[in-house]
Amino acid sequence: MLTLRQISKHYNPGSVNELCLFEGFDLSVAEGEFVAIVGSNGSGKTSLLNIICGSIDTDAGSILVNGQDITRQKDFLRHRRIGRVYQDPSKGTCPSMTILENMSLADNKGRAYGLGRGVNKSRIARYKELLLPLGLGLEDKLHTPVGSLSGGQRQALALLMSTMTPIDFLILDEHTAALDPKTAEIIMELTERIVREKKVTTIMVTHNLRYAVEYGDRLIMMHEGKIILDRSGREKQEMDTDEIMGIFNRISVECGN
């Protein structure tokens, strides 16, 4: 279980540009839960992910994973048990390296490196098995530089690589936003399959309200650093895109947008 307790975060403290994003923020995510988070720009969605991953520090509060306090743990230590896929497909892979080399790096995540070869050829058959269900033909392109792949292919590879080793959390930061509609659908279907098969706790930030409604066990809407809507189970199943769009638009009008 992931628990955030009384999180506070200020940007540019003491300056005219000071911004209080979180003040006494609480959130709990159960093991195996798939949470979709939506909200307007500046609502705190990506900052929340960065706080969980350790990319930015908090001013106050605590972050616990299965009861263990990781609030001051360095980000590189957290990332041993966290898989993250970014909005930009180029961020999850190394473009100058081949698919085989990228997958070999992901396969060794969290392990100590010696002076041996970085690519274990005995794992090639396994990598092909993992790539085949993607339906993108990548299993026949292991020696192709990742930089020559399409955005959708790179994002599918990044998603696969992020879950190759055992992880506690999968963090998806608008991972379909830079893709065309057809490719985005493929990536979402792949996301659903991987999350369900691996039973990995997942937090997905998205601007696509339909994806937030159709995917996941729980839907959270954020606004100005607060959770203003939190539905799961039957309540979430009974939601539709029009309802959540209505809530979103009402908030925008109230804020003068």
Whole-Hz Karplus ³J(HN,Hα) for the stretch 27-35, in order, using 6.51 cos²θ - 1.76 cosθ + 1.60 and θ = phi - 60°, x for Gly and Pro?
7, 10, 10, 6, 4, x, 7, 10, 10
Amide H neighbours of Glu224 under 5 Å, at least 5 residues apart or on other chains, H built in the peptide plane: list them.
Ser43
List the residues whose amide H sits under 5 Å from the amide H of Arg218, counting only those 5 or more places along or on another chain, with H placed 1.01 Å from N in the peptide plane.
Phe34, Ala36
Check the straight Cα-Cα distances from Lys141 and name the lysines below 21 Å, setting aside those fewer than 8 residues away within the same chain.
Lys91, Lys121, Lys128
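Tell me the volume per residue, in Å³, of the convex hull enclosing the alpha carbons of the stretch 145-234.
Numbers: hull volume 10.5 nm³, N = 90.
In the stretch 145-234, the Cα convex hull volume per residue is 117 Å³.
With a cut-off of 8 Å between alpha carbons and a minimum separation of six or more residues, what is the relative contact order of the stretch 167-249 in percent?
Details: 75 pairs, mean separation 21.6, N = 83.
RCO, the stretch 167-249: 26 percent.
Among the trypsin sites (Lys or Arg not before Pro) within the stretch 1-72, which fall in a DSSP loop and have no more than 10 other Cβ atoms within 10 Å of their own Cβ? Can you show the working numbers first?
Details: sites: Arg5, Lys9, Lys45, Arg72; in loops: Arg72.
Hits after loop and neighbour filter: Arg72.
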Give the relative contact order (percent, whole number) for the chain; include only Cα pairs under 8 Å separated by 6+ residues.
26
Taking all protein chains together and a probe of 1.4 Å, list His175, His79 from the most accessible to the least accessible.
His79, His175
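Can you give the percent of C-alpha pairs in the stretch 117-175 whose distance is more than 17 Å? Each step should come with its number before you reach the end.
Values: 745 of 1711 pairs.
Percent of Cα pairs beyond 17 Å in the stretch 117-175: 44.
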Cα axis of helix 241-254 to longest principal axis of the chain: angle in degrees, 0 to 90, nearest 10?
50
Quick one: compute a quarter of the convex hull surface over the Cα atoms of the chain and quote it in nm².
15.5
Given +1 on the Cβ of Lys and Arg, -1 on the Cβ of Asp and Glu, and no further charges, what dipole in debye does the stretch 1-100 carry about its Cα centre, rounded to the nearest 20?
360
When you have a sec, figure out the Kirkwood radius of the stretch 1-126 from all distinct Cα pair distances and drop it here in Å to one decimal?
17.3
Give me the aspartates and glutamates in straight-line cross-link reach of Lys9: C-alpha distance below 18 Å, same-chain residues under 8 apart excluded.
Glu18, Glu23, Asp26, Asp57, Asp59, Asp69, Asp75, Glu224
Roughly how big is the chain's charge dipole about its Cα centre, with Cβ charges of +1 (Lys, Arg) and -1 (Asp, Glu), in debye to the nearest 20?
1200
Show me 56-68, 28-40 ranked by packing, highest mean number of other Cβ atoms within 10 Å first.
28-40, 56-68
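Excluding ligands, DNA and RNA, what is the solvent-accessible area per residue of the stretch 1-91 at a probe of 1.4 Å, expressed in Å²?
Ligands and nucleic acids excluded, the result is 50 Å² per residue.
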What is the distance in Å between the Cα centres of the stretch 169-233 and the stretch 25-52?
11
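Could you sort the peptides 237-243, 132-138, 189-195 by per-residue average Cβ neighbour count (10 Å cutoff), highest mean leading?
Working: 237-243: 12.1, 132-138: 15.6, 189-195: 17.9.
Taking the mean over residues of other Cβ atoms within 10 Å, the ranking is 189-195, 132-138, 237-243.
The values are calculated or read from the model by the stated rules, or taken from the named source; none is laboratory data. Being a predicted model, the structure only gives us computed values, none of them experimental. All Cβ positions, glycine included, derive from the backbone under ideal geometry; neighbour counts span all protein chains shown. Areas reflect the complete protein model, heavy atoms only, side chains present, ligands, DNA and RNA absent. Shrake-Rupley method; radii C 1.70, N 1.55, O 1.52, S 1.80 Å.
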